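The values are calculated or read from the model by the stated rules, or taken from the named source; none is laboratory data. Being a predicted model, the structure only gives us computed values, none of them experimental. No Cβ is skipped: glycine too gets one built from the backbone with ideal geometry, and neighbour counts run over all protein chains shown.
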Amino acid sequence: MSTVVSIEGLGVSFSTDAGAVKAVDGVSLSVERGEVLAIVGESGSGKTVTAKTILGLLPETATTSGAVILSNKAGTAQHDVVSISKRSLRAIRGTDVAMVFQEPSTALNPVYTVGWQIIEGLRAHSDLSKKEARAKAIDVLRRVGIPEPEQRIDHYPHEFSGGQKQRIVIAMALVLDPGLIVADEPTTALDVTVQAEILDLLRRCRDEFGMGIVLITHNMGVVADLADRVAVMYQGKVVEEADAKTLFSAPKAEYTKALLAAVPYVGTGSAKTAERAAARPEGWTEQAPVVAAQGLEIVYPGRFGKPGFRAVDGVDLVIRPGEVLGLVGESGSGKTTIGRAIAGLTKVTGGSLRVLGHEMNGFSEREFRPLRSRIGFVFQDPASSFNPLLTIAECVAEPLIIHGRAGDAAAARPRVDELLEAVQLPKAYGDRYPHELSGGQRQRASLARSLALEPELLIADEPTSALDVSVQARVLELFAELQREFGFASLFISHDLAVVDLLADRIAVLYHGRLVEEGTGVEVLGSPRDPYTQRLLASLPVPDPVAQAERREELRRIREAN
């Protein structure tokens, strides 16, 4: 084995109006050919900055010290990325090192076909003809598992699912056969089933292409599944480095222990579910449900003579007062569509859906408007759901002003301060703008806004999917506390089974718009009956390399059996 990248005493600081901010402080790491090094840590620990330094992708405001020695795949040439010219950098990007970005939708250009985007990189770094480059692009699309690559090469990014787009971004990185791939959170927004496929693909890239991989992630299950070695970063420094098995079985640094302790496990929620059930009053199950669906159907109309798309197909479910129902399933299963229908944002086309005693099939907006104040909504990405021109206090005050509970933001401020304190944010944060808060802080502010009108029903759509495990743990604890304090019923939509197990009283599993399984966490996750639930459970990576290897084998058997 030979070293493909060696980072020696790397320091990176950024110039700001308040002075220099040190993001990376004396980091030394190396990656061998055919090895996966995972760099983990919470947001702001310096892991992405370290990774971007390898490709020379830091902004002009960055000052870099130390060395990043990058070798080509053949091992015949070396370059110090920190000191070489921009022209030399362009020559080695793609050929010696390539990057797989976190969000494929923003990494792909929406106005060009995926084939054009792969071929562009090929022709920039080689003298292949158009015909040869197209043949190579089709081959790499086939190798990353895109079906019918001869036809799909001429499709645009929006015509692919999230998992397929991630495969295309990996294909763009592989096409020039680099010695090193830097993968920055490559599975963050993906369902567990799709995530398992992408991890298999990265494993195959390592084995078939013989390249090194630097994996940046906050998902400790992904680390256990793929990594050979792990480096843990905290506040710009590497606090611990070890092989994966050693790190998970015997962590030394206190921060690593805290990081592993924050990871939710399937099966840990049963005690909390029983505790919540015991605290409920007698006759609780006889109360009128907050949400009741019978034979619910939602069909999106087709266009240009095409038939409509059936997103939800004959779903029956009930949410009682004060109950949390976890709704799980992969992308396209209909989870968010059901959430939007309950909130009156998507039209019900068949069956019955009663929300707070109001029938949503053929509902009138005028009749439903008064009920909107009784429903709260926590969005997946608070950064895009907040108005960037308003302060946090103004954003949280919006529902109060719209529903006539306050005349303006100043009048609402006392209530806003109470809400911020309730979600454990200092009230002084109300004067900040959304971009000045971290991801976890923004999600807390989003919770505060959803609770402003003291709703009876809260719809939480993937509220923790993009958060680090330590931040996620704090947000989940907060959600549970608020649910106990305010007593609202909740539809908690997620693709993370361990998170749902922790919070939900009952779990409903959706697959292709149909409800395939429903019950308590013990019933659904302890002894799943439906093959899809079994596959979903087997796809969830656990933070233990030995156990994860066994689960990977079990998943392979389930796939072959189906």
When residues of segment 142-170 are limited to those that are farther than 13 Å from ASN109 by Cα and of a type in the set (D, E, K, R), the one farthest from the chain's Cα centre (by Cα): GLU150
Scan of segment 83-92 for residues that are without any contact (Cβ under 8 Å) to a residue 12 or more places away in the chain and among the polar types (S, T, N, Q), ordered by number: SER85, SER88
Neighbours by Cβ (under 8 Å, 6+ apart or cross-chain): first from segment 19-32, farther than 10 Å from LYS237 by Cβ; second acidic (Asp, Glu): SER28/GLU8; LEU29/GLU241
Only listed residue being out of contact with any Phe, Trp or Tyr (no Cβ under 9 Å at 6 or more places or on another chain), surrounded by fewer than 19 Cβ atoms within 10 Å (Cβ to Cβ) and farther than 30 Å from GLY44 by Cα, chosen from ARG354, ARG432: ARG354
Lone unmet requirement of (1) in a helix (DSSP H, G or I); (2) over 29 Å from the mean Cα position of the chain (by Cα); (3) within 19 Å of LEU515 (Cβ to Cβ); (4) among the aliphatic types (A, V, I, L, M) for ALA341: (2)
Pairs where the first residue, in segment 55-82, is on the phi > 0 side of the Ramachandran plot and the second is assigned to a loop (DSSP other than H, G, I, E, B) and at pLDDT below 85, C-beta under 9 Å, 6+ apart: GLY75/SER2
Which listed residue, of PRO388, PRO382, PRO399, is within 24 Å of the chain's Cα centre (by Cα) and modelled with pLDDT of 85 or more: PRO388
Of all residues in segment 255-296 being without any contact (Cβ under 8 Å) to a residue 12 or more places away in the chain and not in a loop (DSSP other than H, G, I, E, B), the one that is farthest from the chain's Cα centre (by Cα): GLU286
The listed residue being on the phi < 0 side of the Ramachandran plot, surrounded by 19 or more Cβ atoms within 10 Å (Cβ to Cβ) and at pLDDT below 90, out of GLY329, GLY376, GLY334, GLY322: GLY376
Single residue of segment 466-482 satisfying the filter (crowded, with 18+ Cβ neighbours inside 10 Å and among the small types (Gly, Ala, Ser)) that is farthest from ARG374 (Cα to Cα): SER470
Out of THR48, THR53, sole residue that is in a helix (DSSP H, G or I) and modelled with pLDDT under 90: THR48
Strands (runs of 3 or more DSSP E) contained entirely in segment 174-254, each with at least 2 residues that are under 29 Å from SER126 (Cα atoms) and touching a Lys or Arg at 6+ places or on another chain (Cβ under 9 Å): 180-184, 212-216
Only listed residue being surrounded by 22 or more Cβ atoms within 10 Å (Cβ to Cβ), assigned by TED's automatic domain parsing to the domain that holds ILE402 and hydroxyl-bearing (Ser, Thr, Tyr), chosen from SER438, SER446: SER446
Cross-chain or 6+ apart pairs with Cβ under 9 Å, segment 516-537 first and part of a loop (DSSP other than H, G, I, E, B), then acidic (Asp, Glu) and surrounded by fewer than 18 Cβ atoms within 10 Å (Cβ to Cβ): ARG529/GLU523
Filter result for the condition that a residue is over 17 Å from the mean Cα position of the chain (by Cα) and hydrophobic (A, V, I, L, M, F, W, C), over LEU437, LEU497: LEU437
